[in-house]
Structure formats: C-alpha cells, structure tokens
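Written out below as structure tokens is the structure these notes cover.
The values are calculated or read from the model by the stated rules, or taken from the named source; none is laboratory data. Remember, predicted model here, so these are calculated numbers, not experimental data. Reconstructed Cβ throughout: ideal geometry from the backbone, glycine too, with neighbour counts over all protein chains shown.
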Amino acid sequence: MDDRDSANKMLSGDLTVIELVSGFGRASFGLGYAALNLAAALERIGVNVYLASLDEEKDACEACEAVGLSRERLITGSPIGRSPFRIAPLLLRRLSNIPNNGDVIIHLHGMWTYASYVAGALRRRWQCPLVLSPHGELEPYALTLSPMKKALASLLYARRNLKGANCLWALSEQEKAAVRAYGFAGQVEVIPNGVNRAVACSAQQVAEFRNRHDVSPGSRVLLFLSRIARKKNLPLLLKGFAKNVKARPEWKLLIAGGDERGHIQEVRHLIHDLGIEGSVRLIGPVSGREKACAFTSASLFVLPSLSEGLPIAVLEAMEYAKPVLLTDGWTLPVPASETYGWRTPAEERAFQAALLEAMSASEDTLAEMGRTAQSIVRKYFDWDSIATQASSLYASLLSREGGCFHNGNQGPPSKCHCAREGSPD
C-alpha cells in the first residue's frame, strides 16, 4: 500500500485517529485549543477522529459545540482533582472500547500530564503509532518550570512516551531544534497551529465592551491576551509601557487572561509601583464574544514572552487584522519579508524603543500592517489545510503494513525485539 492508498483509506473512515489532551474546555490554554480545532478540522475532511480529555463533560460538550465537532466524537473520563494534577481513571477504559480494526493513530498533545500516561498505556495495549506534540514544552525555558513535577512525570511515563513516539510534531523549526537538543533522534515534522476565522462584532458590542472596561471612545488599545504567567514576561511590558505612556497618553493597556500560580498579584503590585493604574486594565479571562470584542477594540497586540511554541493568541490577533509586537525567542513560520508588526529582543531598552515606535504609528499604518497580518494567517494557518497535512502524516505512519510500532520502530516485525521476545515494554 502506498501513501496515496493509505490516505484514501483514512478519508474513507477506515482509520481511527485519537487526539488526546489534558483539557480543551474554558479553563484550558492554547494547547487545548489546538487539539480541539484540529479534531474538528479532521472531522470536516472526513477522518474518523475522536477527541479525548480530562475535562468535565459539560465543559467539553460546550467547547465541541462551539467549533462544530460532533458530540459522539468526544470521550471524557470522569475526572478527579484539579488541573494540573487531575486524573481520570475511567478514560483509558473508555478509549479501549473504541472499535479498533488495527489502523489506529494516537496523537498526544503535551508531555507532562495524566493524559500522557493514558496515551502511553493505550499505545502499548494496541501496539499502534504515537504522534507526540510537545507544544513548546521541550523549549529550554519551559523545562526550567516545575522541574520536580517534570522529573516525576518523566520517570513515570513521559520518557517512555518520548522513546516510543513514531513522530514528534513541532510547531516551528525552532521547536524542532529544541526537540533535537532534548535528545529525540526520530522523525520530526513541522506543522503549525491553525486559527479560526474572526468573529464579527457590531459597533455597539465594541462600544459596550470598552465601556465595561473604562476605555473611552478616543483611547487606543494595546492588548495582551494570554496566561498571566512568568513565562509571558509581563514586567517587561509594564515597564516599557510605563515609560512610553507619558508621551502617548491616549493609549490604554488591556491585560486579558487567567492567572497562573498567583502571578497576577506580582503584576498588580508592579502596576501600582509604576504608577500606571489609570492606564492599565486587568480584565480577566475572556472567551466567545468578549474575546472577539477585545481583539476588535485593539489597535495593537503585544506578547513579550520569554519562550513559546507557536502561540494561538498571536495568530488570532493577526486574523483580527491587528499588527503584533513580539519578542525574540521563538519564530513565526512565515516569510521574513512580510511586514506584520515588530520584533524585538526581550531586553528593556530594545523593547521600550520598539513599543514606542509602535505606539507612535498612525492608525492608518497599524491598519495596513494588520491587513498584511490577516492575509498571512489565512494563507499559512488555515485549520482545514493543517488537517490535510496531519492526515497525510498519519497515513504515512500507517502505510508500512505489517510493521511493528513498538518503541518508535517503523520497520518490519523482524527488526523489533517484540518479534523475538513477544512482549511490549
């Protein structure tokens, strides 16, 4: 069977793909968004896909409905505990009940949670290929966070999953390099995240949004929308904004996102110490129409992160035709000639200068950059196009009929010690 036959077999519904992630409900981050929207796009192009997570069923159903994923494609596991320590003892059993005709792919999103344990156990039970998407979790900075938790997860299941993965899915060439630096020598494919089309907001909805957050009609909005976490480097943004807003008082900084590990208290204290309470709004997590209004209200989007894979929020801002100001440390896989915003080192003086240039630009200049940004994401980051790339990858991994997929092996059974020893790891 060649790759074309295998792809046709997939699209005919004979092959089963399981997208497995810790969570994709309202409390999840970009990783969950990616898994959810990939599953929905795979279903649209005819793939027999299931989406499994540790979410509460109600939250999971609402999220599936929002992206048009069929309810019967959802598998949850009666979760116990709170993220990131949530477990779901029934999830493995429910996944094991999926009809398995021998052509199954497991695609795991994330490295360190209970979902990773489930993926490894299911792979060993079914002896099927495993695709692993780290979503930036193997970047050097990310590895310094919660080292004890990662060491324990690595000992229990993550190291075995990495060793057994048939392919790692990297979001960019930079993440591919990080995966190699971590020691993975197997197949790595670079496929970016996608982004959904912008949700239209009426002028009245935008006006009401601005009024709720005390942003006057004449103010210009600088938007940060992401987790409020140390990795996102908000002190750099706040210090740069504090110095520039004195010269550009028409700007308001909106910080949208959920708190991670109490970092919001540090952010509040810094806002007070810098004396910029009147120019900064902490508006909390946003979703749905509120999120759409946040993007629509903005003139400029900013993400000063220390490390990223391929952040969904940046792609969303570009889809809403907003120019972006980004720090170095990760790459956006688009042609360097495209002018969609600003790039700057994550260093105070350089960041302040880039931010001042952006805040000094006219609305016409920002709008022109925003239109370029939107054309970029619609060309390179369409979910259905990415689902087609994914289906081709899955097909290629299953095109070697009769092969053994134990411990990342992709050759004939004689090349794997399963054939000699008769037992999986």
For this session: For the range 190-202, indicate whether the set of residues that are of a type outside the set (Ser, Thr, Tyr) and free of Cβ contacts under 8 Å to residues at least 60 places away in the same chain is non-empty.
Result: no
For this session: Would you check which residues across the range 239-262 are modelled with pLDDT of 95 or more, under 28 Å from Ser146 (Cα atoms) and not in a helix (DSSP H, G or I) and list them?
Result: Ile255, Ala256
For this session: Mind listing whichever residues of the range 214-249 are more than 21 Å from Val324 (Cβ to Cβ) and out of contact with any helix residue (DSSP H, G or I) (no Cβ under 8 Å at 6 or more places or on another chain)?
Result: Asp214, Gly218, Lys246
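Please state which one of Gly23, Gly13, Gly32 is crowded, with 22+ Cβ neighbours inside 10 Å, part of a loop (DSSP other than H, G, I, E, B) and at pLDDT below 90.
Among Gly23, Gly13, Gly32, only Gly23 is crowded, with 22+ Cβ neighbours inside 10 Å, part of a loop (DSSP other than H, G, I, E, B) and at pLDDT below 90.
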Exercise. Taking the range 90-104, which residues are part of a helix (DSSP H, G or I) and either surrounded by fewer than 14 Cβ atoms within 10 Å (Cβ to Cβ) or more than 27 Å from the chain's Cα centre (by Cα) (or both)?
Worked result: Arg93, Ser96
Problem set entry | Residue check for Ser279: surrounded by fewer than 16 Cβ atoms within 10 Å (Cβ to Cβ) and either outside the structural domain of Ser299 (by TED's automatic domain parsing) or hydroxyl-bearing (Ser, Thr, Tyr) (or both) | no
For this session: Would you confirm whether any residue within the range 354-371 is of a type outside the set (Phe, Trp, Tyr) and either under 19 Å from Gly30 (Cβ atoms) or touching an Asp or Glu at 6+ places or on another chain (Cβ under 8 Å) (or both)?
Result: no
For this session: Answer yes or no: is there a residue in the range 334-346 that is closer than 21 Å to Leu145 by Cα and assigned by TED's automatic domain parsing to the domain that holds Leu366.
Result: yes
Exercise. Within the range 37-77, can you find the residues that are small (Gly, Ala, Ser) and crowded, with 22+ Cβ neighbours inside 10 Å?
Worked result: Ala39, Ala40, Ala41, Ala52, Ser53, Ala60, Ala63, Gly77
For this session: Hey, could you check the range 186-231 for residues that are among the acidic types (Asp, Glu) and outside any strand (DSSP E or B) and say which is surrounded by the most Cβ atoms within 10 Å (Cβ to Cβ)?
Result: Glu208
Problem set entry | Whichever residue in the range 263-289 is basic (Lys, Arg) and assigned to a helix (DSSP H, G or I) and, among such residues, is modelled with the highest pLDDT | Arg268
Exercise. Any residue at all in the range 168-185 that is surrounded by fewer than 18 Cβ atoms within 10 Å (Cβ to Cβ), of a type outside the set (Asp, Glu), part of a helix (DSSP H, G or I) and in contact (Cβ under 8 Å) with a residue 60 or more places away in the chain?
Worked result: no
